[in-house]
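A short write-up of the structure that comes next.
What follows draws every value from the coordinates through simple rules; no lab data is involved. All figures in this text were calculated on a predicted structure; none of them were measured in a lab. Note that we place each Cβ from the backbone using ideal geometry, even for glycine, and neighbour counts take in every protein chain shown.
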Amino acid sequence: KAGVTQTPRYLIKTRGQQVTLSCSPISGHRSVSWYQQTPGQGLQFLFEYFSETQRNKGNFPGRFSGRQFSNSRSEMNVSTLELGDSALYLCASSLAHNNQETQYFGPGTRLLVL
Amino acid sequence: AQSVAQPEDQVNVAEGNPLTVKCTYSVSGNPYLFWYVQYPNRGLQFLLKYITGDNLVKGSYGFEAEFNKSQTSFHLKKPSALVSDSALYFCAVRDMANAGNMLTFGGGTRLMVKP
């Protein structure tokens, strides 16, 4: 099976712009979660989607949003970008919305905000 | 609230020697525990998890971890380190009482294996 794929892999934006990142989960996986990784804050949970519904949300401002499509693919959007949004954004998929499930991570999208 | 501590930013070990990467956790209920490894410019790769049952969990690439409820620890171990094990290791926890897939990660431990 193909793993989790994320596009684009690298992105450069300027402050105030918005960005959309895409994630395709492992075939058959229906839950998609997003995490932000920065040197200062480490790995932080953004949100989880299952069956096109947001099931869980981390402590991030409303500028961060996401959605999931009927084929389980997910997108996350960051509006009005700030310098501090520069990070590696990781998507993870799992079979179901179940706390015993293993999450499998994609390679990430590295976002640089100038 | 759940939290994870990885007390060592870096662990240095010689190739062939045993390695241990430490992890302690805090949850209000019972924990589900995970270890992931991250190589440069890559995402996280799953190594192993503890859900229930035997306290010694075996995972990928010869790694294992021991769940110790009284010490709230889940240390990662390998009997004989390889240079290729050099990477960033993350411990993560979910509280069994919370539904869903949200993981809380520790700050990571950089493992350096020297030839």
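Projecting label points 7 angstrom from Cα along Cα→Cβ for residue A:20 and residue A:77 puts them 0.7 nm apart. Orientation-averaged projection of the range A:1-67 equals 5.5 nm² [convex hull of Cα atoms, one quarter of hull surface area].
Residue order for B:9, B:95, fewest other beta carbons within 10 angstrom first, comes to B:9, B:95. In this Cβ point-charge picture (+1 for Lys and Arg, -1 for Asp and Glu), the range B:7-115 has a dipole of about 100 debye about its Cα centre. The charge dipole of the protein assembly as shown, taken about the Cα centre with unit charges on the Cβ atoms of Lys, Arg (+1) and Asp, Glu (-1), comes to about 380 debye, rounded to the nearest 20. Phi-derived couplings, Karplus 6.51 cos²θ - 1.76 cosθ + 1.60 at θ = phi - 60°, listed residue by residue for the range B:100-115: x, 9, 4, 9, 9, 9, x, x, x, 10, 8, 9, 10, 10, 9, x Hz, with x used for Gly and Pro. The P(r) of the protein assembly as shown has a tail past 31 Å containing 21 percent of all C-alpha pairs. Between residue B:61 and residue A:13, what FRET efficiency follows from the Cβ-Cβ distance if R0 is 41 Å, with the result rounded to 0.05? About 0.65, to the nearest 0.05. Amide H contacts of residue B:100: A:98, A:99, each under 5 Å away and 5 or more positions distant or on a separate chain (H built 1.01 Å from N in the peptide plane; Pro and chain starts excluded). Applying the Karplus relation 6.51 cos²θ - 1.76 cosθ + 1.60 with θ = phi - 60° to the range A:67-83 yields 3J(HN,Hα) values of 7, 10, 9, 5, 8, 6, 4, 10, 10, 10, 10, 10, 9, 6, 4, 10, 4 Hz, where x marks Gly and Pro. For the options A:56, A:77, A:98, a Gaussian network treatment of chain A with springs between C-alpha atoms closer than 10 Å singles out A:98 as fluctuating the most. In this structure the amide hydrogen of residue B:11, modeled in the peptide plane, comes within under 5 Å of the amide hydrogens of B:110, B:111, B:112, none closer than 5 places in sequence on its chain.
Cα centroids of the range A:1-72 and the range B:27-41: 19 Å apart. Over 26 Å apart at the Cα level, from the set A:1/B:78; A:57/B:49; B:49/B:78; B:22/B:58; A:1/B:22, are A:1/B:78; A:1/B:22.
For the range A:23-32, putting each phi into the Karplus relation 6.51 cos²θ - 1.76 cosθ + 1.60 with θ = phi - 60° gives couplings of 9, 10, x, 4, 3, x, 7, 10, 10, 10 Hz, in residue order, rounded to whole numbers and with x for Gly and Pro. With an a/c value of 1.5 or above and a/b larger than b/c for the gyration tensor axes a ≥ b ≥ c computed over the alpha-carbon atoms, the range B:1-109 is described as prolate.
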